[in-house]
Amino acid sequence: MDRRAEPVTGRLTFLLTSPRVAPGLLSKDAWAAVAAADAVYAVDPAAPVAQALSETGVAILEAPTGDLTSVARHLLDAAADQQVIWLGSADADPGLSDAITTEVGTRHTAPEIEILVGSWDVQGARLLDAVAVMDRLRSPGGCPWDAQQTHESLIRYAREEVEELAEAIEHGADREHIAEELGDVLLQVLFHARIAQDAADQAFDIDTVAGMLVEKLVRRHPHVFADADASTPQEVEAQWARIKAEEKAGGRARRDPRP
């Protein structure tokens, strides 16, 4: 029998969303698909995306428990004659697509299956993952070595990582090697910021660090963010030095540790 000749009356849509984006920030097509769906399933109705949809009045059905084959069979049965949405989990539901494919191969008819991207990462989104991993390592139940480190104990590692990055660049290392060394330097920034977050007084966190950096970059690039004029690298460097000197003269250097 030619299965392609069988009528398709239902649709199973896998709605993929980024765990790094606010749960309710879905694309127009995603919201339209949810609004038109007869049933919306999620592994965990209390998950952020499911909760965001539920708060708008969308009824979220909990996926059946059991192995992936059972889940795949249930979703295909539900979508046989209606529009069904599957809210993808943060871990991308490993193995479910294979189970769906296998189950479809055993049927004479199957619903139309599509993947709909509801939200996606912007550049820099993986930095949020790095912050989350560092927080997990330093939190109760994390890594005992990471938990006992201090600013002072990490000094030698910071120096080593910067030196290794410089060495990789000076010796013409490939791009992957340089990227890895940059990651090691970034780890030191994340580590120190997470330690500072636990301080009893004068605590700060990674957002403080990033915010101060943004302020400084904007302040010292008035030819980009304001109406100053600096059209050559030499003029930019001189402008940077002048602004830095003005900051120190005004007492900024005493108020914060920025160079």
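Screening the stretch 37-49 for residues that are at pLDDT 95 or above and among the hydrophobic types (A, V, I, L, M, F, W, C) and picking the one that is surrounded by the fewest Cβ atoms within 10 Å (Cβ to Cβ) gives Ala39.
Restricted to the stretch 14-69, and to residues there that are of a type in the set (A, V, I, L, M, F, W, C), assigned to a loop (DSSP other than H, G, I, E, B) and without any contact (Cβ under 8 Å) to a residue 60 or more places away in the chain, the residue that is nearest to Gly124 (Cα to Cα) is Ala22. Being modelled with pLDDT of 95 or more and either at negative phi or in contact with a Lys or Arg (Cβ under 7 Å, 6 or more places away or on another chain) (or both) is a description that does not apply to Glu247. If the condition is being exposed (fewer than 14 other Cβ atoms within 10 Å of the Cβ), within 27 Å of the chain's Cα centre (by Cα) and under 30 Å from Ala80 (Cα atoms), then the stretch 109-161 contributes Glu114, Ile115, Trp120. Under the condition of being charged (D, E, K, R) and either part of a loop (DSSP other than H, G, I, E, B) or surrounded by 14 or more Cβ atoms within 10 Å (Cβ to Cβ) (or both), the residues counted in the stretch 217-254 number 7.
For every residue, the table says whether it meets (1) closer than 30 Å to Ala245 by Cβ; (2) out of contact with any helix residue (DSSP H, G or I) (no Cβ under 6 Å at 6 or more places or on another chain).
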site: Glu164; (1), (2): no, no
site: Asp174; (1), (2): no, yes
site: Ala179; (1), (2): no, yes
site: Gln197; (1), (2): no, yes
site: Ile206; (1), (2): yes, no
site: Ala210; (1), (2): yes, yes
site: Val214; (1), (2): yes, yes
site: Arg220; (1), (2): yes, no
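Restricting attention to the stretch 76-97 and to residues that are touching a strand residue (DSSP E or B) at 6+ places or on another chain (Cβ under 6 Å), not polar (S, T, N, Q) and not in a loop (DSSP other than H, G, I, E, B), the residue that is surrounded by the fewest Cβ atoms within 10 Å (Cβ to Cβ) turns out to be Ala78.
For beta carbons closer than 9 Å, sequence separation of 6+ or different chains, a first residue in the stretch 165-184 that is closer than 25 Å to Asp129 by Cβ and loosely packed, with under 11 Cβ neighbours inside 10 Å and a second that is of a type in the set (Val, Ile, Thr) and modelled with pLDDT under 95, there are no qualifying pairs. Residues that are touching a residue at least 40 places away in the same chain (Cβ under 8 Å) and either farther than 18 Å from Val209 by Cβ or part of a helix (DSSP H, G or I) (or both) within the stretch 138-158 comprise Arg138, Asp146, listed in sequence order. Among the residues of the stretch 185-211, the ones that are under 14 Å from Met134 (Cβ atoms), without any contact (Cβ under 8 Å) to a residue 12 or more places away in the chain and exposed (fewer than 14 other Cβ atoms within 10 Å of the Cβ) come to 1 in all.
Residues of the stretch 106-123 that are in a loop (DSSP other than H, G, I, E, B) and acidic (Asp, Glu): Asp121 alone. Can Glu161 be described as without any contact (Cβ under 8 Å) to a residue 24 or more places away in the chain and not in a loop (DSSP other than H, G, I, E, B)? No; evaluated as a whole, the condition is false for this residue.
The values are calculated or read from the model by the stated rules, or taken from the named source; none is laboratory data. Quantities reported herein were computed from a predicted structural model and do not represent experimental measurements. In this analysis, Cβ positions are derived from the backbone assuming ideal geometry, glycine residues included, and neighbour counts consider all displayed protein chains.
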